[in-house]
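Quick notes on the structure that follows.
Each reported figure results from applying straightforward, stated rules to the coordinates on display, with no laboratory input. None of the values given here were measured: they were computed from a predicted structure. Glycine also receives a Cβ, built like all others from the backbone with ideal geometry; neighbour counts cover every protein chain displayed.
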Protein chains: 2
Amino acid sequence: MAPSHVFDAHPLVQKLESIFALADDEKAAILSMPMQVATLRADQDVVRVGDSPSRSCIILEGMTATYVSTSKGRRQIVSFGIMGDTPDLQSLLLEEMDNSLSTLTPCTLGFVQHAVLRDVCTRFPRIAAALWRSTLVDAAIFRAWMTSIGQREGYSRMAHLFCELVARKRAVGLVEEDRCAFPITQTELADALGMTAVHVNRVLQALRSDGHIVLDQGWLTVPDWDRLVAVADFDATYLHVKENRPAA
Amino acid sequence: MAPSHVFDAHPLVQKLESIFALADDEKAAILSMPMQVATLRADQDVVRVGDSPSRSCIILEGMTATYVSTSKGRRQIVSFGIMGDTPDLQSLLLEEMDNSLSTLTPCTLGFVQHAVLRDVCTRFPRIAAALWRSTLVDAAIFRAWMTSIGQREGYSRMAHLFCELVARKRAVGLVEEDRCAFPITQTELADALGMTAVHVNRVLQALRSDGHIVLDQGWLTVPDWDRLVAVADFDATYLHVKENRPAA
DNA sequence: TGCCAAGCCAAACATATGTTAGTGGTGGAT
DNA sequence: ATCCACCACTAACATATGTTTGGCTTGGCA
């Protein structure tokens, strides 16, 4: 068998290894799963409310949004997906989608049949456990968003979201120094934060003029991480990752 | 082996059977798990943020609240637990609690050691799958709350919560006709809905005077289910239960 | 019996946020 | 080259909701 490091390029291996070390046969099993890679434009639905998909996807590149629509035409973005995330893994066990998934940017996604996933899970219970765990982290993020939307005013609510995204991107190597891509429009930010685009703009100006963030041309930079963390009341433990401090 | 119906009294069996039928040996395995039953008064913490419990609980009787506290002293109740729920099952896979759990009413809880749960899960993968699935339903409820808090005004937001609780209680046989126990104070309601107690009171009066609910002495009755569903914009599919209509 | 905390309720006032209605810039499509 | 969407941004105004304060009732407890 090849040395294990040759497997490490697979995004799902990286994802699960961030939870606990995988044995070589476990990595091999993941690597051998047939995965259909697809490239999507921005703003394309991947799955919709009511669908019963027979496969789930992993984000190889780009950013996605999971959202729920209200009968009054409003929508709540309930999560952002970044590289390595499996934003519709729940459909493996829940028959009918109660939310929709769409691309925020051009994306490349890897689709794996549920039958394949189920087979791997029964043969390698530790992989099943790691996947289960990743859905529990998703749930923890939902709780954090709910707390932010329910209890924090716009200013710290938005700061909290910035902290979370930077922390998550940092965990998968998508942050250089104090800077990362931030391809989210103000309208999308509004749908995620439970406020209007107008108010998002207001709060954004305030965060900018207070020197907490620089957001320009789709790039976010955080001049002083600790200060942003303070105004956001951000505590990264809910993300359940090992390292969350910026690299020294 | 005894006929299967003798097992059905166990609340965890009931819970998992609502997902799919269990084989007799699976039921027997659940029944044989050592479970420590404890009775708690109202307003007692079961686990707290930062804890790393070595066991999880199932609610045998009473009602619980899971909550997250903000550094500014505010708290968001992120879920209510009713009979059959496993409100801290996540601690089986996530080392550190990112939320607290406390009793809303006097409760009787059954505690099962994680080691025992892990053993049963490896011996009976279908039980593991059912438990995983139940945590995914919890996550779906988080999404629904987030959507309500973020996008619905107080009136329909509160109506939505009433609908959800009645639907969930109905699914476990805790609703008679159009009436069920509702032991939640207005302050707790406020913490769950992301609004103040004063506003909860205002909205409650409005819902009452519009004839959508009767809430008195800890009992909730819904005179016209379909009308409440309409104002709440409630769609029960996110609960992922089989039956959600009132019994004829 | 009386006290006290908890819960429900309400009025008056304050404000964070929503709504409406624009402007100007930019990049892709034809 | 010219549109035409989309996006960022802003001002003026409207309102849902928060804050403060206090009264009333009830039930447990000394």
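Quick notes
- Summing +1 for each Lys or Arg and -1 for each Asp or Glu among the other residues whose beta-carbon sits under 14 angstrom from that of A:Thr185 gives -3.
- Ordered by the count of other Cβ atoms within 10 Å of each Cβ, fewest first, A:Ser100, B:Ser69, A:Ser71, B:Ser91 give A:Ser71, B:Ser69, A:Ser100, B:Ser91.
- With the helix formula -39500 (n - 2.57) applied to DSSP H stretches of n ≥ 4, the protein assembly as shown reaches a computed 222 nm mean residue ellipticity of -12500 deg cm²/dmol.
- Look at B:Leu165, A:Leu193 and count the other Cβ atoms within 10 Å of each Cβ; fewest to most, that gives B:Leu165, A:Leu193.
- Amide proton proximity set for B:Gly81, modelled H, under 5 Å, gap of 5+: B:Thr64, B:Ala65, B:Thr66
- Taking every alpha-carbon pair in region B:109-248 and binning the separations at 5 Å intervals from zero gives 2, 9, 16, 20, 18, 13, 8, 7, 4, 2, 0 percent.
- Alpha-carbon centroids, region B:47-121 and region B:131-166: separation in whole Å: 18 Å
- For the pair B:Ala23 and B:Arg208, a Förster radius of 60 Å applied to the C-beta separation gives a FRET efficiency near 0.80, rounded to the nearest 0.05.
- For A:Arg118, net neighbour charge (Lys/Arg +1, Asp/Glu -1) across residues whose Cβ lies under 12 Å away: +2
- Taking the fewest neighbouring Cβ atoms within 10 Å as the starting point, the ordered list for B:Trp219, B:Trp132 is B:Trp219, B:Trp132.
- Region A:39-54 - phi-based ³J(HN,Hα) in whole Hz, Karplus 6.51/-1.76/1.60, Gly and Pro as x: 10, 10, 6, 5, 6, 10, 6, 8, 9, 10, 3, x, 5, 10, x, 10
- For chain A, the spread of Cα positions along the three principal axes, ordered from largest to smallest, is 56, 48, 30 Å.
- Distances in nm from B:Leu31 to the matching label points in the other copies, shortest first (labels 7 Å along Cα to Cβ): 4.7
- Calculated P(r) tail over 33 Å for the protein assembly as shown, as whole % of Cα pairs: 38 percent
- Rh (Kirkwood; distinct C-alpha pairs) - region B:4-138, Å: 15.3 Å
- Copy-to-copy label separations for A:Arg208, where each label sits 7 Å from Cα toward Cβ, in nm and ascending: 4.8
- Starting from the label point of B:Pro183 at 7 Å along Cα→Cβ, the same points in the other copies fall at 5.1 nm, in ascending order.
- Chain B: relative contact order as a whole-number percent, Cα under 8 Å and 6+ apart: 19 percent
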